[in-house]
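The values are calculated or read from the model by the stated rules, or taken from the named source; none is laboratory data. Remember, it's a predicted structure, so these values are computed and weren't measured experimentally. Using ideal geometry, Cβ is built from the backbone for each residue, glycine included, and neighbour counts are taken over all protein chains shown.
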Amino acid sequence: MKFFPKYWMIALVVASAAQAADDSLLLSGFEPTLASEWRHTARAKIVPFVVETASDKVKVGQSSGRWENLDHNKWATLANCPGDWIPYASLSLWVHSAVANGQQLNFSVSAPHEQGGQGYYLHQITVDWTGWKQVVVPLSSFRPNRTPAPWSRITGFQLSSGGWGAKPLADTVLHLDDLRLIRR
(Lines give C-alpha, C1' and ligand atoms only; values in the text may rest on other atoms or scores of the structure.)
Protein backbone atom coordinates (compact mmCIF):
# COMPACT_ATOMS: atom_id res chain seq x y z
CA MET A 1 0.00 0.00 0.00
CA LYS A 2 1.31 3.40 -0.98
CA PHE A 3 1.48 6.11 1.72
CA PHE A 4 0.65 9.67 0.72
CA PRO A 5 2.25 12.41 2.88
CA LYS A 6 -0.67 14.79 2.28
CA TYR A 7 -3.10 12.31 3.87
CA TRP A 8 -0.68 11.54 6.69
CA MET A 9 -0.71 15.24 7.60
CA ILE A 10 -4.52 15.31 7.59
CA ALA A 11 -4.62 12.22 9.81
CA LEU A 12 -2.16 13.85 12.22
CA VAL A 13 -4.28 17.01 12.48
CA VAL A 14 -7.47 14.99 13.04
CA ALA A 15 -5.77 12.84 15.70
CA SER A 16 -4.46 15.95 17.50
CA ALA A 17 -7.93 17.54 17.50
CA ALA A 18 -9.46 14.33 18.86
CA GLN A 19 -6.86 14.15 21.62
CA ALA A 20 -7.53 17.78 22.63
CA ALA A 21 -11.26 17.08 22.60
CA ASP A 22 -10.72 14.13 24.96
CA ASP A 23 -9.22 16.37 27.65
CA SER A 24 -12.44 18.30 28.26
CA LEU A 25 -16.07 18.71 27.27
CA LEU A 26 -17.36 22.16 26.34
CA LEU A 27 -20.72 22.80 28.01
CA SER A 28 -21.13 26.39 26.80
CA GLY A 29 -18.88 28.72 24.84
CA PHE A 30 -21.29 31.63 25.45
CA GLU A 31 -21.20 32.25 21.71
CA PRO A 32 -24.01 33.79 19.60
CA THR A 33 -25.91 30.48 20.00
CA LEU A 34 -26.39 31.46 23.66
CA ALA A 35 -30.19 31.45 23.34
CA SER A 36 -30.15 27.73 22.55
CA GLU A 37 -27.75 26.90 25.42
CA TRP A 38 -29.21 28.73 28.44
CA ARG A 39 -32.62 29.44 29.95
CA HIS A 40 -33.87 31.35 32.95
CA THR A 41 -34.79 28.59 35.41
CA ALA A 42 -38.27 29.91 36.27
CA ARG A 43 -39.13 31.63 32.96
CA ALA A 44 -37.98 29.33 30.14
CA LYS A 45 -38.43 31.89 27.34
CA ILE A 46 -35.96 34.31 28.92
CA VAL A 47 -32.22 34.02 28.27
CA PRO A 48 -30.41 35.31 31.39
CA PHE A 49 -27.25 36.31 29.51
CA VAL A 50 -26.62 38.80 26.71
CA VAL A 51 -24.06 38.06 23.97
CA GLU A 52 -21.03 40.35 24.45
CA THR A 53 -18.44 40.78 21.67
CA ALA A 54 -16.14 43.53 23.04
CA SER A 55 -12.65 42.03 22.82
CA ASP A 56 -11.74 42.83 26.45
CA LYS A 57 -14.88 40.98 27.61
CA VAL A 58 -14.23 37.80 25.57
CA LYS A 59 -11.81 35.17 26.83
CA VAL A 60 -12.30 32.39 24.24
CA GLY A 61 -13.99 32.50 20.84
CA GLN A 62 -16.13 35.35 19.49
CA SER A 63 -18.23 36.30 22.50
CA SER A 64 -19.01 35.89 26.17
CA GLY A 65 -22.26 35.99 28.13
CA ARG A 66 -22.88 39.22 30.04
CA TRP A 67 -24.77 38.52 33.26
CA GLU A 68 -26.20 41.61 34.90
CA ASN A 69 -29.39 42.61 36.68
CA LEU A 70 -28.86 39.51 38.81
CA ASP A 71 -31.90 40.23 40.96
CA HIS A 72 -34.11 39.70 37.89
CA ASN A 73 -31.92 36.96 36.36
CA LYS A 74 -30.94 35.00 39.49
CA TRP A 75 -31.08 31.54 37.95
CA ALA A 76 -29.65 30.23 34.68
CA THR A 77 -30.09 26.62 33.53
CA LEU A 78 -27.91 24.91 30.95
CA ALA A 79 -30.28 23.57 28.28
CA ASN A 80 -28.34 20.47 27.21
CA CYS A 81 -26.49 19.11 30.20
CA PRO A 82 -24.61 15.83 29.75
CA GLY A 83 -25.86 13.02 31.97
CA ASP A 84 -22.59 11.27 32.84
CA TRP A 85 -19.94 13.33 34.63
CA ILE A 86 -17.95 10.31 35.88
CA PRO A 87 -15.11 10.75 33.33
CA TYR A 88 -14.50 14.30 34.58
CA ALA A 89 -12.55 15.63 37.55
CA SER A 90 -13.51 19.31 37.57
CA LEU A 91 -15.68 22.09 36.22
CA SER A 92 -14.03 25.15 34.68
CA LEU A 93 -15.52 28.58 33.92
CA TRP A 94 -13.89 31.87 32.97
CA VAL A 95 -15.47 34.78 34.85
CA HIS A 96 -14.79 38.49 34.29
CA SER A 97 -15.94 40.84 37.03
CA ALA A 98 -16.13 44.61 36.82
CA VAL A 99 -16.02 44.94 40.63
CA ALA A 100 -14.70 42.79 43.48
CA ASN A 101 -17.91 43.16 45.47
CA GLY A 102 -18.16 39.77 47.19
CA GLN A 103 -21.05 38.53 45.02
CA GLN A 104 -21.67 34.88 45.81
CA LEU A 105 -22.45 32.50 42.95
CA ASN A 106 -23.85 29.00 43.21
CA PHE A 107 -22.99 26.12 40.93
CA SER A 108 -25.75 23.53 41.30
CA VAL A 109 -25.63 20.12 39.62
CA SER A 110 -28.97 18.27 39.68
CA ALA A 111 -29.17 14.52 40.19
CA PRO A 112 -32.32 12.57 41.08
CA HIS A 113 -32.66 11.54 44.72
CA GLU A 114 -32.03 7.82 45.20
CA GLN A 115 -35.54 7.36 46.69
CA GLY A 116 -37.29 9.74 44.27
CA GLY A 117 -37.39 13.52 44.17
CA GLN A 118 -34.45 15.76 43.30
CA GLY A 119 -31.02 15.74 44.87
CA TYR A 120 -28.17 18.02 43.88
CA TYR A 121 -24.51 18.88 44.34
CA LEU A 122 -23.64 22.47 45.30
CA HIS A 123 -20.52 24.62 45.21
CA GLN A 124 -20.33 28.34 46.01
CA ILE A 125 -17.76 30.90 44.97
CA THR A 126 -17.26 34.51 46.02
CA VAL A 127 -16.35 37.08 43.37
CA ASP A 128 -13.50 38.90 45.06
CA TRP A 129 -11.54 39.89 41.95
CA THR A 130 -11.72 42.23 38.97
CA GLY A 131 -10.91 41.26 35.41
CA TRP A 132 -10.73 37.67 34.18
CA LYS A 133 -10.29 34.65 36.43
CA GLN A 134 -10.55 30.98 35.58
CA VAL A 135 -12.61 29.27 38.25
CA VAL A 136 -11.76 25.55 38.40
CA VAL A 137 -13.81 23.51 40.85
CA PRO A 138 -12.98 19.85 41.51
CA LEU A 139 -16.19 17.82 41.44
CA SER A 140 -15.11 16.39 44.80
CA SER A 141 -15.57 19.93 46.23
CA PHE A 142 -19.29 19.95 45.46
CA ARG A 143 -21.44 19.35 48.55
CA PRO A 144 -24.12 16.65 48.13
CA ASN A 145 -27.64 17.66 49.22
CA ARG A 146 -30.78 15.52 49.55
CA THR A 147 -28.85 12.31 48.76
CA PRO A 148 -28.22 12.92 45.05
CA ALA A 149 -27.67 10.11 42.58
CA PRO A 150 -24.07 9.42 41.52
CA TRP A 151 -22.25 11.66 39.02
CA SER A 152 -23.25 9.21 36.28
CA ARG A 153 -26.93 10.31 36.55
CA ILE A 154 -26.81 14.10 36.23
CA THR A 155 -29.99 15.81 35.02
CA GLY A 156 -29.02 19.50 34.98
CA PHE A 157 -26.64 22.34 35.74
CA GLN A 158 -27.60 25.76 37.10
CA LEU A 159 -25.79 28.99 37.91
CA SER A 160 -27.43 31.28 40.45
CA SER A 161 -26.84 34.52 42.32
CA GLY A 162 -29.47 33.79 44.96
CA GLY A 163 -30.20 31.07 47.47
CA TRP A 164 -28.02 29.26 50.01
CA GLY A 165 -27.09 32.60 51.58
CA ALA A 166 -26.26 34.31 48.28
CA LYS A 167 -28.04 37.56 47.43
CA PRO A 168 -27.84 39.42 44.10
CA LEU A 169 -25.82 42.63 44.44
CA ALA A 170 -26.96 45.57 42.30
CA ASP A 171 -23.47 46.51 41.07
CA THR A 172 -22.58 43.02 39.82
CA VAL A 173 -21.79 42.73 36.10
CA LEU A 174 -20.13 39.48 35.09
CA HIS A 175 -18.96 38.09 31.78
CA LEU A 176 -18.86 34.31 31.52
CA ASP A 177 -16.95 32.25 28.98
CA ASP A 178 -15.83 28.73 28.19
CA LEU A 179 -17.75 26.54 30.65
CA ARG A 180 -16.35 23.03 30.45
CA LEU A 181 -15.82 19.75 32.23
CA ILE A 182 -12.17 18.70 32.52
CA ARG A 183 -11.27 15.00 32.34
CA ARG A 184 -9.53 13.07 35.09
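If the condition is being buried (at least 19 other Cβ atoms within 10 Å of the Cβ) and in contact with a Phe, Trp or Tyr (Cβ under 8 Å, 6 or more places away or on another chain), then the range 67-79 contributes W67, N73, A76, T77. Against the numbered list (1) of a type in the set (D, E, K, R); (2) over 21 Å from N73 (Cβ atoms); (3) crowded, with 20+ Cβ neighbours inside 10 Å, D177 comes up short only at (2). Among the candidates S110, S63, S24, the residue that is among the hydroxyl-bearing types (S, T, Y), farther than 29 Å from A149 by Cβ and touching a strand residue (DSSP E or B) at 6+ places or on another chain (Cβ under 7 Å) is uniquely S63.
Going through P82, P150 one at a time, which residue ends up being exposed (fewer than 14 other Cβ atoms within 10 Å of the Cβ) and under 15 Å from the mean Cα position of the chain (by Cα)? One residue alone meets the criteria, P82. May I ask you to verify whether T155 is at pLDDT 95 or above, within 20 Å of P82 (Cβ to Cβ) and surrounded by fewer than 18 Cβ atoms within 10 Å (Cβ to Cβ)? Yes, satisfied.
Pairs meeting the criteria (first residue in the range 87-115 and surrounded by fewer than 18 Cβ atoms within 10 Å (Cβ to Cβ), second residue acidic (D, E) and part of a strand (DSSP E or B), beta carbons under 8 Å, at least 6 apart or on different chains) are S92/D178.
Count of the range 153-184 residues, restricted to those that are under 14 Å from the mean Cα position of the chain (by Cα) and among the charged types (D, E, K, R), is 3. In summary, strands (runs of 3 or more DSSP E) completely within the range 66-184 and bearing 2 or more residues that are in contact with a His (Cβ under 8 Å, 6 or more places away or on another chain) occur at 75-78, 88-97, 103-112, 131-138, 174-183.
All conditions but one from (1) over 19 Å from L26 (Cβ atoms); (2) over 14 Å from the mean Cα position of the chain (by Cα) apply to W75; the one that does not is (2). Kindly provide the set of residues from the range 127-147 that are over 18 Å from S110 (Cβ atoms), under 16 Å from the mean Cα position of the chain (by Cα) and of a type outside the set (A, V, I, L, M), ordered by number. The answer is W132, K133, Q134, P138. Close Cβ contacts (under 8 Å, 6 or more residues apart or on different chains) running from residues in the range 44-69 that are at positive phi and touching a residue at least 60 places away in the same chain (Cβ under 8 Å) to residues that are buried (at least 18 other Cβ atoms within 10 Å of the Cβ) and assigned to a strand (DSSP E or B) comprise G61/D177; G61/D178.
Restricting attention to the range 48-65, the residues being in a strand (DSSP E or B) and hydrophobic (A, V, I, L, M, F, W, C) number 2. Just checking, does the range 41-62 include any residue being hydroxyl-bearing (S, T, Y), over 16 Å from H175 (Cα atoms), surrounded by fewer than 12 Cβ atoms within 10 Å (Cβ to Cβ) and modelled with pLDDT under 90? No; the residues of the range 41-62 include none that is hydroxyl-bearing (S, T, Y), over 16 Å from H175 (Cα atoms), surrounded by fewer than 12 Cβ atoms within 10 Å (Cβ to Cβ) and modelled with pLDDT under 90.
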